[in-house]
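Enquirer: Dropping the structure in here first, questions after.
The values are calculated or read from the model by the stated rules, or taken from the named source; none is laboratory data. Here the structure is a predicted model, which is why all the values come from computation and not from measurement. Cβ sites come from the backbone with ideal geometry, for glycine too, and all protein chains shown count toward neighbours. The accessibility values were calculated without ligands, DNA or RNA, using every heavy atom of the protein model including side chains. Shrake-Rupley method; radii C 1.70, N 1.55, O 1.52, S 1.80 Å.
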Amino acid sequence: MYFSKMLIPTLREAPSDADIISAKLMIRAGMIRKLASGLYEFLPLGLKALRKVEKIIREEMNAADGQEVTLPLMFPKELWLETGRWNVYGKELFRLKDRKEAEFCLAPTAEEGITDLVRKNISSYKQLPLMLYQFGTKFRDEIRPRFGIMRAREFLMKDGYSFHVNEADLEKYYKIMFEAYSNVCKRCGFKFRAVEAASGAIGGSFSHEFMVLAETGEEEIAHCECGYGANTEKAECLPFNSYNEETLSLEEVLTPDIGSVESVSKFLGASPEKFIKTMIYIADGKSLAVLVRGDFEINEIKLQSYLGATEVFLADENTIADITGAPCGFASPVNLKKKIRIIADLSVININNAVTGANKKDYHLKNVNAGRDYKYDESADLRKIVKGDICPRCKKGKIDFSRGIEIGHTFKLGTKYSDSMKATYLDTNGKENLMVMGCYGIGVTRILAATIEQSHDENGIIWTDNIAPFEVIIVPVNFADEKTKEVTQKIYDELTSKGLDVLIDDRDERAGIKFKDADLIGIPYRITIGEKNLVNGNIELKARKDGKDGIKLLKPEEAVAEILKIYNK
């Protein structure tokens, strides 16, 4: 392919509203253009890279016995009512009506559609297990689209769903898909972690996020040297050992105009580790108190999951005063004004002689002890994990954090959708059973952005070998020179005959401009053909990832052989 014949409108500067490096570089490299907020057009160069990613994913899905299908982009309201997600999904769901006033949604995900397809066509255990997948455009009405194609309102996604006779069969296949997703990440050239994650709106009992490690990542990952990793929304926290100290008498202390843990800690000379914060929440319309150690914060995702609630939020000041009898900052589990459910985080269950509010303005209590002074109804892991926490898996390593970009998510759905949509099969005894489901999503467009976030420099994109739009760019310094043109064409023919994508920069531009565009676009290998080197029968081969240190002077046949070796051709 000739550069002069392709639409590659490179830019020296990115638009002012491009907010992360991947968006800036994709726009500058002529890969995408913004149509409206959260909506992007893919130009030829960007689409070539996207198709390379799609090919890798398709090969791994097929290797895992997946079968490709295509579902509509628009689903009738009735399907989403069956699962209850029509009302639960919220404002992110694009909704529309046809001329007959029938209601539809533009699919952000396809659980309802695929389950409906399977329940209509699968009836026997003999037809299971089954995995169906598709590549499809997805729509989410993001409240604030940002980060270029990373968080857009329209994006390309591969979603797959497996159907099984029981949980054991799902568990077996889940491991196969976990390996397939790991292979996708490796083939794309990522440094990544697969971490345990909260299941969110998709639901299910267990899930993993596949996170590309990048300092610009919008999500934080907790991990240990033993191999444990989890999204901070999911990361488990262990209880602490008992302090084993003498139980002291309860004491009320005047703390005038002091309500925060930090302020009271200084006033009383007590460590925040000895404080118990009493947080009043509203969960699906019901009030409850959640107790957590003074130096920790409640993880509301954990709390919502534990409660099985649709909505969880902190109570307002009036509600807090009504329940505790005091303003914010003075709540306590001791003698609450109104009896409500009390849940203790694991961080507080072994605290002796704790400090709490007194349910009384300007007063706190010292030497508060569970059992004697208050009772909680249950305990659970509900706090946010912090750096230095003991690993919940090996129970000796310490937790550290990294930032990452989620590009894939695998779920054990169980019977969440098959139950609500009556997707059943007949077993060997003719008995009707619910199908057990797995779900496997991967953001195809996100992979491009994540690659650039992880792999770039001050000059532009550094594509990994397998997903670059072109593997090689040939830069003839003077394409009008006959010898230069002859060598260029010969190398081009040899590489393309082996199945490589090669771009010839045939433009009548200065060499410096061509080099800058080659680095900006990020093609892995650049062959430079100049009249001066050709005098000695040499050309330049440069590996983009190695910068100036990656330049070699080689004979044309040597350069071709080296590139073919790199790509196993």
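Enquirer: Hey, what's segment 228-354 come to in accessible area per residue, 1.4 Å probe, Å²?
Expert: Per-residue value: 49 Å².
Enquirer: Right, next: Report the calculated FRET efficiency for Lys77 and Ala380 (r = Cβ-Cβ distance, R0 = 41 Å), to the nearest 0.05.
Expert: For Lys77 and Ala380, the calculated efficiency is 0.70.
Enquirer: I would also like to ask the following. Quickly work out the Lys100-to-Thr310 label distance, labels modelled 7 Å from Cα along the C-beta direction, and quote it in nm with one decimal.
Expert: Going from the Thr310 label point to the Lys100 one covers 2.9 nm.
Enquirer: Which residues does a label at Leu564 reach in segment 463-503, if reach means a backbone N under 13 Å from a point 7 Å past the Cα toward the Cβ?
Expert: Hits in segment 463-503 for Leu564 at 13 Å: 491-500.
Enquirer: Based solely on its DSSP helices, what 222 nm [θ] is calculated for the chain when runs of n ≥ 4 H residues each add -39,500 (n - 2.57) and the sum is averaged over all residues, nearest 500 deg cm²/dmol?
Expert: -8000 deg cm²/dmol
Enquirer: Something else about it: Multiply the residue gap between Arg403 and Asp546 by 0.36 nm, knock off their C-alpha separation, and tell me the result in nm, one decimal place.
Expert: Going from the current span to full extension adds 49.0 nm.
Enquirer: Rounded to the nearest percent, how much of the accessible area of segment 288-424 (1.4 Å probe, protein heavy atoms only) is carbon and sulfur?
Expert: Answer for segment 288-424 is 45 percent, counting heavy atoms of protein chains only.
Enquirer: Now for a different question. For Val535 and Asn352, compute 0.36 nm times the residue count separating them, minus their Cα-Cα distance, and round to one decimal in nm.
Expert: Working it through step by step, the gained length comes to 57.4 nm.
Enquirer: Tell me, what is the per residue accessible area of segment 1-96 in Å², probe radius 1.4 Å?
Expert: On the way: 4970 Å² over 96 residues.
That works out to 52 Å² per residue.
Enquirer: Computing the accessible area with a 1.4 Å probe over protein heavy atoms, can you report the carbon and sulfur percentage for segment 470-566?
Expert: 48
Enquirer: Shifting gears a bit: Could you calculate the FRET efficiency of Lys5 with Ala511 from 1/(1 + (r/R0)^6), where r is the beta carbon distance between them and R0 is 22 Å, rounded to 0.05?
Expert: It comes out at approximately 0.65.
Enquirer: Give me the base-10 log of I(q)/I(0) for segment 358-472 at each q in 0.14, 0.16, 0.22, 0.23 Å⁻¹, Debye formula, one uniform scatterer per Cα, rounded to two decimals.
Expert: -0.98, -1.03, -1.22, -1.24
Enquirer: Can you give the Kirkwood hydrodynamic radius for segment 251-380, in Å, rounded to one decimal and based on Cα pairs?
Expert: About 14.5 Å for segment 251-380.
Enquirer: For Leu250, Leu288, what's the largest-to-smallest order of accessible area, 1.4 Å probe?
Expert: Result of the area sort, largest leading: Leu250, Leu288.
Enquirer: At a threshold of 8 angstrom on Cα-Cα distance, excluding pairs fewer than six apart, so keeping six or more, what relative contact order does segment 251-380 reach in percent?
Expert: Across segment 251-380, relative contact order equals 29 percent.
Enquirer: Given Cα pairs under 8 Å that are at least 6 residues apart, what percent is the relative contact order of the chain?
Expert: It rounds to 16 percent for the chain.
Enquirer: Which distance in Å, rounded to a whole number, links the C-alpha centroids of segment 397-451 and segment 193-271?
Expert: 26
Enquirer: On average, how much accessible surface per residue is there in segment 470-566, in Å², for a 1.4 Å probe, leaving out ligands, DNA and RNA?
Expert: 48
Enquirer: Just to confirm my understanding: which cysteines in the chain have no other cysteine beta carbon less than 4.7 Å from their beta carbon?
Expert: Cys105, Cys185, Cys188, Cys237, Cys328, Cys439
Enquirer: Then there is this: What is the projected area of the convex hull of the Cα atoms of segment 318-422, averaged over all directions, in nm²? Spell out each step's value before the answer.
Expert: Numbers: hull surface 47.5 nm².
Its average projected convex-hull area is 11.9 nm².
Enquirer: Hey, another quick one. For segment 35-80, which whole percent of the accessible surface, found with a 1.4 angstrom probe, sits on carbon and sulfur atoms?
Expert: 57
Enquirer: Follow-up. Could you tell me what a quarter of the Cα convex hull surface of segment 74-124 works out to, in nm² with one decimal place?
Expert: Numbers: hull surface 15.8 nm².
Its Cα hull, projected and averaged over all orientations, spans 3.9 nm².
Enquirer: Still on this structure, please answer the following. On a full-extension model of 0.36 nm per residue, what is the gain between Asn335 and Lys396, subtracting their alpha-carbon distance, rounded to one decimal in nm?
Expert: Here the answer is 18.1 nm.
Enquirer: Moving to a separate point now. Leaving ligands and nucleic acids out of the surface, order Lys91, Lys338 by accessible area at 1.4 Å, largest first.
Expert: Working: Lys91 185, Lys338 90 Å².
The ordering from most to least exposed comes out as Lys91, Lys338.
Enquirer: Now for a different question. FRET efficiency for Asp65 and Lys126, Cβ-Cβ distance as r, R0 = 22 Å, nearest 0.05?
Expert: My answer for the efficiency is 0.90.
Enquirer: Taking only the alpha-carbon atoms of the chain, what semi-axes of the equivalent ellipsoid follow from 5 times the gyration tensor eigenvalues under a square root, in whole Å, largest first?
Expert: For the chain, the semi-axes come out at 54, 31, 22 Å.
Enquirer: Moving to a separate point now. Under 20 Å Cα-Cα from Lys396, which aspartates and glutamates qualify once same-chain neighbours fewer than 8 residues away are excluded?
Expert: Those aspartates and glutamates meeting the cut-off are Glu196, Glu225, Glu236, Asp381.
Enquirer: Mean 1/r over all different Cα pairs, inverted: what Kirkwood radius does segment 9-107 give, in Å? Walk me through the intermediate numbers first.
Expert: Numbers: mean 1/r = 0.0586 Å⁻¹.
Over segment 9-107, the inverse of the mean reciprocal pair distance is 17.1 Å.
Enquirer: Taking the Cα centre of each part, how many Å lie between segment 55-120 and segment 485-555?
Expert: 46
Enquirer: Please list, by residue number, every one of the trypsin sites (Lys or Arg not before Pro) in segment 492-530 that is coil in DSSP and has at most 10 other beta-carbon atoms within 10 Å.
Expert: Arg510
Enquirer: Still on this structure, please answer the following. At 10 °C and a viscosity of 1.306 mPa s, what translational diffusion coefficient does Stokes-Einstein give for segment 508-569, taking Rh as the Kirkwood radius over Cα pairs? Give it in µm²/s as a whole number. Don't skip to the answer; put the middle values down first.
Expert: Details: Rh = 12.3 Å.
D = 129 µm²/s.
Enquirer: Starting from the residue with the highest accessible area, list Arg85, Arg146, Arg341 in decreasing order, probe 1.4 Å. If you can, show how the numbers build up before the last one.
Expert: On the way: Arg85 10, Arg146 65, Arg341 105 Å².
If we order Arg85, Arg146, Arg341 from most to least accessible, we get Arg341, Arg146, Arg85.
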